[in-house]
1. Which cross-chain or sequence-distant (5 or more) residues have an amide H under 5 Å from the amide H of residue 20, H modelled 1.01 Å from N in plane?
2. Return the long-range amide H neighbours of residue 43 (sequence gap of 5 or more, or a different chain), with a cut-off of under 5 Å between placed amide H atoms.
3. Within the set of other residues whose C-beta is less than 12 Å from the C-beta of residue 54, count the net charge using Lys and Arg as +1 and Asp and Glu as -1.
4. Give the separation of the Cα centroids, region 14-58 to region 180-245, in Å.
5. Once you've got the GNM for the chain with C-alpha springs shorter than 10 Å, pick whichever of 146, 13, 206 has the biggest mean-square fluctuation.
6. Going by average Cβ neighbours within 10 Å, how do the peptides 31-38, 241-248, 138-145 rank, with the highest at the top?
7. Sorted by average packing, counted as other Cβ atoms within 10 angstrom per residue and highest first, what order do 119-130, 184-195 take?
8. Please turn the phi angles of region 209-226 into ³J(HN,Hα) values with the Karplus equation 6.51 cos²θ - 1.76 cosθ + 1.60 (θ = phi - 60°), one per residue in order, whole Hz, x for glycine and proline.
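Quick note: the coordinates plus some simple rules give every number you see, no bench work behind them. What you see is a predicted model, and the numbers here were worked out from it, not measured in a lab. Virtual Cβ from ideal backbone geometry, glycine too; neighbours counted across all protein chains shown.
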Amino acid sequence: MASVSIDLNADLGEGFGRWQLTDDEQLLSVVTSANVACGFHAGDAATMRRVCAMAAERDVRIGAQVSYRDLAGFGRRAMDVPPDELAAEVAYQIGALEVFARAAGTRVSYVKPHGALYNRVVHDEDQARAVVDGVLLADGTLPVLGLPGSRLLEAAEKAGLPVVTEAFADRAYTAQGTLVPRRQDGAVVTDPEAVVERSVRLARSGIVTSHTGEEIAVRARSLCLHGDTPGAVGLARRVRAQLESAGVQVEAFA
């Protein structure tokens, strides 16, 4: 079999104060890249500092997971933010996380939008450019992680930023290669066996079956494992073990 490699990323640091959603310590033993919440949809200063320290200890790459300013809605509510304001808020979030990454002896290695912002910049050119402008304000060398064919990756590439495509083993796809909105039934794949099988197939062949039955190409350098679902740690371990058994090398893209 031809040599194949893939990065595993997960959303981490999704807590606030005494509330903690993700099992950061355990997931950091599985993934190679950590999308760390930067305080706008989840996360706070103490959480960011703790997750960056643990990631650095495990040689896991740190990514800034930027979002709309929406703590109450976990960043999943649609918002209309003026492009200049959004660019500033993206840069602000990256800068906040960079402080704690530097303190841990490492740095922010990439940027990934979260939730409603992630879905918005798949199609919205103005919001996509605003996110890219924010990345450029913070650091003009940072890779941008996003959905293949999205306006976000197009804008990042035009701006000279490195782009990295990702896929989701536990999210349903439309026939157009976009994610089925979470408000629709079946948007999240909950069967562990299906998630594991989809992970290996995505890594080895770049193919996934859409929710309506079409086979679609999803070429990705990184595979997202959601950390906010029941049994997330055990499932992440199974995915990594099965990938490695299938001859897929699991390594960070950054």
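1. none
2. So residue 43 has HN proximity to 15, 16.
3. -2
4. Centre-to-centre (Cα) distance: 22 Å.
5. Top of the fluctuation ranking is 206.
6. Sorting 31-38, 241-248, 138-145 by mean packing, highest first, produces 31-38, 138-145, 241-248.
7. 119-130, 184-195
8. Calculated HN-Hα couplings, in order: 8, 6, 5, 9, x, 6, 8, 10, 7, 9, 7, 9, 8, 9, 10, 8, 10, 6 Hz.
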